[in-house]
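Trainee: Could you have a look at this structure, given as C-alpha cells, before my questions?
The values are calculated or read from the model by the stated rules, or taken from the named source; none is laboratory data. Note that the coordinates shown come from a computational prediction; the quantities given were computed from them, not determined experimentally. Positions of Cβ are generated from backbone atoms using ideal geometry, with glycine treated the same way; all protein chains shown enter the neighbour counts. Ligands, DNA and RNA are stripped out before the accessible areas are found, and what is left, the full protein with its side chains, is counted by its heavy atoms. Shrake-Rupley method; radii C 1.70, N 1.55, O 1.52, S 1.80 Å.
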Amino acid sequence: MRMRIRPILLVWAIGVIGGMALQGRSAAQDENPNRPPSRAGLPPGQVDVHSWGNPHQIRVRHVSLRLRVDFESRTISGTATLDLDRSPECPPEADLWLDTRGLAIRSVVAPRPGGEPVSLPFRLEVPQVPEEERLLFPSGARSDGSPIHGTPLVIESIGQAEGRVAIAFETSPDASALQWLTPAQTAGGRSPFLFSQSQAIHARSWIPLQDSPGVRVTYDAIVEVAGPGVAGLKAVMSADGNFGTSRADGRRAPEPEPGRFSFSMERPIPPYLIALAVGDLEFRPLGDRAGVYAEPALIEAAAFEFADTPAMIATTEERFGPYRWGRYDLLVLPPSFPFGGMENPMLTFATPTILAGDRSLVSLVAHELAHSWSGNLVTNATWDDFWLNEGFTSYLERRIIEDVFGADRAEMEQVLALDGLRDELSELDERDQVLHIDLWGRDPDENVTSVPYDKGALFLRELERAFGRDRFDDFLRGYFDRFAFQSITTGQFERHLVDHLFEAEPEAARRIDLRSWLDAPGLPPIDEPTSGRLAAVDRQAKAWLAGDLEARELDTKDWSTQEWLHFLGAMPADLPASRVGELDRALMLTQRGNAEIACAWLELTIRAGYGEADARLDRFLTTIGRRKFLMPLYKAMVDAGQLDRARTIYAMARPKYHPIAVESLDLLLGDPGDR
Ligand SMILES: [Zn+2]
C-alpha cells in the first residue's frame, strides 16, 4: 500500500522543498505564515469544508489550460493560467489559496503584457488551522493515509500579479481524477485511453485551481497528445470544439491538427465539470444538436441505444425551460468508468453497461441530460448541498421518462427507486440519511448513496403532489431562471421555495414538513407510488415462491428490465441454492448480458451459495468497473462468508478499476498492500 502512494509523497516533497526557501522569508514577517485566511463570519455558501481556496478574498474566474497528455509516463503536464477577481475587502497582503492533490508545481509566474514574467514565491503544504476554526476547514485522511482534501498551493506576493497567474505543473501517475487505460482495457484493444472524473473533489489532482463547486469558472484549453501508439487518437472535452460538431455560434469546429486540439467553455461552470477524454473515438450525429462519441467497436450500438436523445431534449425544454449549453453529446467510455454517467456539460460521459441493445437503460441519459438544468446550470454551492444536484435531477429524470416512454415505465422506475432507498436507509448511519448532510472531515464521494438522489426526488414529488403539477412545473422553471449559472445552498433553495410557493399557497404548504425533509434522518410520510405492472410481477413471484407455479410457467415474455429487476428483488435473501437453480434452468439468468439484470441475479446467487454462476461472477467483476455494481456484489460475498474469494477476485481486478471505485472497495475489503 505505502508503495502505491510513494510517488505522490515524492511529488509533495518536491513542492515543499521548492517552496521552502521562499517560505523562510515570509516566516520572518509573520509568526504563523502557515495559517489559512480566517473563515469566521462568512455566510454558509462561502465556506466549503472540502476546499482550501479563499474565493472570499481572491476568486478564480477563468482557467486557460495548455496541456500535454503523455501516455508513456501517464502524466499531464503544462500550464494553468488563472484569471483572478479580487474582492474589495481583500487585504493587500493576501495570498492566493488553491487546491492541489499530488501535483508537482514547476513554477508560478505573473505574466506581464509586453514584459518579462515575474516569478512568484509559493508553498505547498497542509497548513495549521486554528482550533476555533477547525470546523470551517478541510480535515481528515483517506484509507491510504493521504489527506482527503489534498495540499493547498499558496501563492504569495499575488498583489504583483495584476489579476493573472500562470502555474506550470505536472500530474502524478496516480492522479485520482485520471484513469489511464492500456489498449487491452478498451473495447477496441488497439489504443490506450484516458478519461477524467473530477467530481467530487478530484479536479485538483489534474488542475491547480479553487476546487469548490461554488467557484464557477469559464475555461479554454489546448491539448496535445504524446506517446507511442497515439497517432489518430482524439481528445474531447466538456466544451465547444469537439470534432465532428459545430460550435455554439454555428461555425464548424476546426479539423483538429494531428495530435493537437482546442476547446472553449464560455459559460461559467463549477470546476468538477471540467472533463477530458482521449482515445480512438468516432462520432455519430443523433440530430442537429446531439450526437455520440465512442470507440469504433461500440459506435453503432451507441447510436442505436441513444436514438431518443433529441426527443428527451425537446421534452425537457418544453417543461423546464431552454437548454442553455448549445450542443448535447454523449461519450461512451470503456467499462472501467466507475459511475453510470457523469454530466460533464455538453458532453455526458457514460458507462458502456447501459448499451443493453433494447434502449431499456436510457433513463441514465435522461438523468445526465436533466443535469443540464439541475446541477450544471443551478449547482450545489458545497458538497453538503449535493441533494440539490441529485434530488432535482432524479425527479426530472422520471418526468422525462414519463414523457418519452410513458407513465407505466416512469411508475416502475419510481417504485424500484423507493425499494432501493428503503433497503439502503435500513443500513445507513442516521447522519447519512439526511438530505442536507454534514460532510465535514469526510470524503464527499461517501455521500453517493440513494439519499441525495431518491429521497431528494421523493421530496420534490411530494411538493408536486401538494401544489399540483402545473404550479410546481412553473416553480421549477422560475427556479432554473432565477439561479441559472449560479451555485446555491440548501438555505437559498429553501428561501426561494417559501417565497415563491409556500407563501402563495399556505394551505398546500401545510402538507410539507420542511424540517423533517431537509434535516432529519429516515423518510417522512409519502404518497406511496404504485405500478400495476410491478404488482403483476409480484403476484407471479409469490406464486412461484409458494410452489403454485413452476419456474418455466412464469410469464416473462414481455418483461422489461424494470420487471426483471423487481422480480429478482422480490426473492428472499435466504432463497436456497436449489431454487435459484430452478430459476436459472428455466430463465437462463446466468447467461444474460444486461448488466443491471446480471448484477441483481449474481447478488442472489452469491447469497444462495449457487456455484453455477461463479464463472460468470468472476467475468463480471473483472470486466466491469461501475461502482454501483461492484459494491453490492463484493458486499454480498463478504456477508456470505466469502471474504477470501472476494479478495482474490479483487486482487486480480483492482488494477483495472478506477481510483474512485478502489477507494470504496479498499474500505470494504482492506487494501491488498496492507495484508
Ligand atoms: Zn446525477
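Trainee: For P173, state whether it is part of a loop (DSSP other than H, G, I, E, B) and either open to solvent by less than 40 Å² (accessible area, probe 1.4 Å) or on the phi < 0 side of the Ramachandran plot (or both).
Mentor: Yes.
Trainee: Looking at the structure I just gave you, is D308 charged (D, E, K, R), under 19 Å from N242 (Cβ atoms) and more than 16 Å from the ligand (Cβ to nearest atom)?
Mentor: Here the answer is no, as D308 does not meet what is asked.
Trainee: Follow-up question, since we're still on this one. Residues in segment 243-259: is at least one β-branched (V, I, T), assigned to a strand (DSSP E or B) and more than 30 Å from A141 (Cβ to Cβ)?
Mentor: no
Trainee: Looking for whichever is at pLDDT below 95, out of contact with any Phe, Trp or Tyr (no Cβ under 6 Å at 6 or more places or on another chain) and surrounded by fewer than 13 Cβ atoms within 10 Å (Cβ to Cβ) here; the options are D548, D558. Which one fits?
Mentor: Matching residue, one of D548, D558: D558.
Trainee: Considering only residues of segment 430-456 that are among the small types (G, A, S) and in a helix (DSSP H, G or I), which is nearest to I201 (Cα to Cα)?
Mentor: Among them, the one singled out is S450.
Residues are listed down the side, and each one gets a yes or a no for (1) assigned to a strand (DSSP E or B); (2) of a type in the set (D, E, K, R); (3) in contact (Cβ under 8 Å) with a residue 40 or more places away in the chain:
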{"site": "S38", "(1), (2), (3)": "no, no, yes"}
{"site": "G45", "(1), (2), (3)": "no, no, yes"}
{"site": "G53", "(1), (2), (3)": "no, no, yes"}
{"site": "I76", "(1), (2), (3)": "yes, no, yes"}
{"site": "C90", "(1), (2), (3)": "no, no, no"}
{"site": "A94", "(1), (2), (3)": "no, no, yes"}
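Trainee: Can you name every residue in segment 417-456 that is at pLDDT 95 or above, buried (at least 20 other Cβ atoms within 10 Å of the Cβ) and acidic (D, E)?
Mentor: The answer is D454, and nothing else.
Trainee: Could you tell me which residue of segment 242-252 is farthest from the chain's Cα centre (by Cα), considering only residues that are open to solvent by 10 Å² or more (accessible area, probe 1.4 Å) and at pLDDT 85 or above?
Mentor: Residue satisfying both the conditions and the ranking: G244.
Trainee: Only one of L377, L369, L388 is farther than 23 Å from F195 by Cβ, within 12 Å of the ligand (Cβ to nearest atom) and at pLDDT 95 or above. Can you tell me which?
Mentor: Of L377, L369, L388, the one residue that is farther than 23 Å from F195 by Cβ, within 12 Å of the ligand (Cβ to nearest atom) and at pLDDT 95 or above is L388.
Trainee: Determine whether A356 is touching a Phe, Trp or Tyr at 6+ places or on another chain (Cβ under 8 Å) and either within 15 Å of the ligand (Cβ to nearest atom) or among the hydrophobic types (A, V, I, L, M, F, W, C) (or both).
Mentor: No: the conditions fail for A356.
Trainee: How many residues, within segment 391-413, are more than 16 Å from the ligand (Cβ to nearest atom) and open to solvent by less than 20 Å² (accessible area, probe 1.4 Å)?
Mentor: 2
Trainee: Got a number for residues in segment 386-433 being under 15 Å from H371 (Cα atoms) and either in contact (Cβ under 8 Å) with a residue 40 or more places away in the chain or touching a His at 6+ places or on another chain (Cβ under 7 Å) (or both)?
Mentor: Counting residues in segment 386-433 that are under 15 Å from H371 (Cα atoms) and either in contact (Cβ under 8 Å) with a residue 40 or more places away in the chain or touching a His at 6+ places or on another chain (Cβ under 7 Å) (or both) gives 15.
Trainee: Yes or no: G391 assigned to a helix (DSSP H, G or I) and not charged (D, E, K, R)?
Mentor: yes
Trainee: Taking P117, is it open to solvent by 10 Å² or more (accessible area, probe 1.4 Å), under 17 Å from L84 (Cβ atoms) and without any contact (Cβ under 8 Å) to a residue 12 or more places away in the chain?
Mentor: So P117 fails the test.
Trainee: Only one of these conditions is not met by M237: (1) at pLDDT 95 or above; (2) surrounded by fewer than 20 Cβ atoms within 10 Å (Cβ to Cβ). Which number is it?
Mentor: (2)
Trainee: Evaluate the following for R112: is it basic (K, R) and touching a strand residue (DSSP E or B) at 6+ places or on another chain (Cβ under 8 Å)?
Mentor: Yes: the conditions hold for R112.
Trainee: Residues to consider are F483, F502, F467; find the one that is among the aromatic types (F, W, Y), in contact (Cβ under 8 Å) with a residue 24 or more places away in the chain and out of contact with any strand residue (DSSP E or B) (no Cβ under 6 Å at 6 or more places or on another chain).
Mentor: Unique residue meeting the criteria: F467.
Trainee: Pick out the one residue from L497, L476, L458, L518 that is more than 16 Å from the ligand (Cβ to nearest atom) and either of a type in the set (S, T, N, Q) or more than 21 Å from G321 (Cβ to Cβ) (or both).
Mentor: Unique residue meeting the criteria: L518.
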